[in-house]
1. Give me a comma-separated list of calculated 3J(HN,Hα) values for segment 100-110, in order, Karplus coefficients 6.51, -1.76, 1.60 applied at θ = phi - 60°, integers in Hz, x for any Gly or Pro.
2. Whose amide H sits under 5 Å from the amide H of residue 74, counting only residues 5 or more places off or on another chain, with H placed in the peptide plane?
3. Among 227, 88, 355, pick out the residue whose Cα is farthest towards the positive end of the charge dipole of the chain, where Lys and Arg carry +1 and Asp and Glu carry -1 on C-beta, about the Cα centre.
4. Pick from 72, 14, 327: which is most flexible by mean-square fluctuation in a GNM of the chain where alpha carbon atoms under 10 Å apart are linked?
5. In a GNM of the chain with a 10 Å cut-off on Cα contacts, which of 103, 222, 29 has the highest mean-square fluctuation?
6. For segment 155-197, give the magnitude of the charge dipole about the Cα centre (Cβ charges: +1 Lys/Arg, -1 Asp/Glu; no others), in debye to the nearest 20.
7. Of the options 107, 26, 266, report the single residue whose Cα projects farthest towards the positive end of the charge dipole of the chain (beta-carbon charges: Lys, Arg +1; Asp, Glu -1).
8. In debye, nearest 20, what is the charge dipole magnitude of the chain about its Cα centre with +1 on Lys and Arg Cβ and -1 on Asp and Glu Cβ, if you could check?
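The values are calculated or read from the model by the stated rules, or taken from the named source; none is laboratory data. Computed from a predicted model, the values in this text were never measured in an experiment. FYI the Cβ positions are ideal-geometry reconstructions off the backbone, even for glycines, and counts take in every protein chain you see. Surface accessibility is based on the protein's heavy atoms, side chains included, excluding ligands, DNA and RNA. Shrake-Rupley method; radii C 1.70, N 1.55, O 1.52, S 1.80 Å.
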Amino acid sequence: MRKQIIMLPGDGVGQEIMEGAKAVLNAVAGEYHHEFVFHEHAIGGDAIDRYGTPLPEETVKACNSADAVLLGAVGGPKWDDVEPRKRPERGLLGIRKSLGLFANLRPVTGFSSLVHSSPLKTEIVDGCDILIVRELTGGLYFGTPSERRDEGNSVVDTLQYTRAEIERIVEKGFEAARMRSGHLTSVDKANVLESSRMWREVVNEKAKDYPEVTVEHLLVDAAAMKLITNPRQFDVIVTENLFGDILSDEASVLTGSLGMLPSASLRTDGVGLYEPVHGSAPDIAGQDIANPLGMILSAAMMLRHSFGMEEEAAEIERAVNETLEGGFHTVDLDLKKGKIVGTQDMAEKVIENFSTKSISNAICSSYM
Ligand code: NAD
């Protein structure tokens, strides 16, 4: 299979972790006889420095004609004083919007070699495997009006959803649940919010199309509590934008390190943007110590969700697990034992753990 992949390294550790993911993808291409063609473009602070805007038109154009997009991270203290509409984060929100990405998927997988580095007790987090499906383009973050009033003495934000917007994300939740254990938890605040009552209505209607999936409704406050007291009760969680933002960050502590978490942002036709959950980590940038696994696992999600390459995705995930089991880790993972390696060496270790070793056959092309 031949696929065009846009790489947006962005800022801070973005470039370093992207190199790691690219090496792993090249190895996959060799092993499975695919051709991945990489094009690199600017976004975030890097784009501000080079083009005076966090999202150059050329980047948008390239992403719109690609099969998938990989993004490192954006932002950093260098651009903290830039005017709000030109901040690096605008690049990220802009590209998600331009690509029409409405579904954010965040898997939270507890790798057994990392369970003890979670702040939660091992018996609570061991074996937890959750997928959070978050609505990404509606709700409070995008509703208007959103403004100060009465000379700054009152304020309003707007939580708005159309039925169609709720339906398409709820469908993603059901689809994901069907492909996993067949259990979906829908999170809302239906005891207070009208938007949540409509959300619950839609979930119950859609449930009729997925008789093989069992559905549970949970209020967001209870969900937040159960995520840390009994995370193994969850499989797929589907929820709106704000609740998903908060719950997915809360769930990130289950696995022990921010550097481990991948994410995917999708639309209906399979085109997606894949990025680690963490930020640009400016405090460790340029030192070859960043954990590349969140980025590498994001690349695995790209293979699965945009290219339908389930076997290849699973191979990366298996190799990551084996690398950790073998004791290799970056400095952020508190493994107590094993060997600390740098960013690029960690990627190499993952490649070494591929089950077949035909990586010299890799067919790869790169363009700037
Ligand atoms: P951060 O995620 O960049 O860093 C938080 C802490 O985790 C830091 O100590 C950092 O060193 C560590 N860390 C993060 N990723 C790591 C990795 N791969 N390996 C090892 N350690 C890692 O969050 P922050 O410090 O709050 O934000 C820094 C910048 O990133 C800010 O400008 C922020 O706006 C931006 N940011 C961007 C995104 C994104 O691009 N999606 C997300 C969050 C924050």
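1. x, 7, 10, 10, 9, 10, 10, x, 10, 10, x
2. So residue 74 has HN proximity to 11, 280.
3. Looking along the dipole axis, the top candidate is 227.
4. In this elastic network of the chain, the residue with the biggest mean-square fluctuation among 72, 14, 327 is 327.
5. Of 103, 222, 29, the most mobile in the Gaussian network model is 222.
6. Its charge dipole is roughly 200 debye.
7. Highest projection toward the positive end goes to 266.
8. 320
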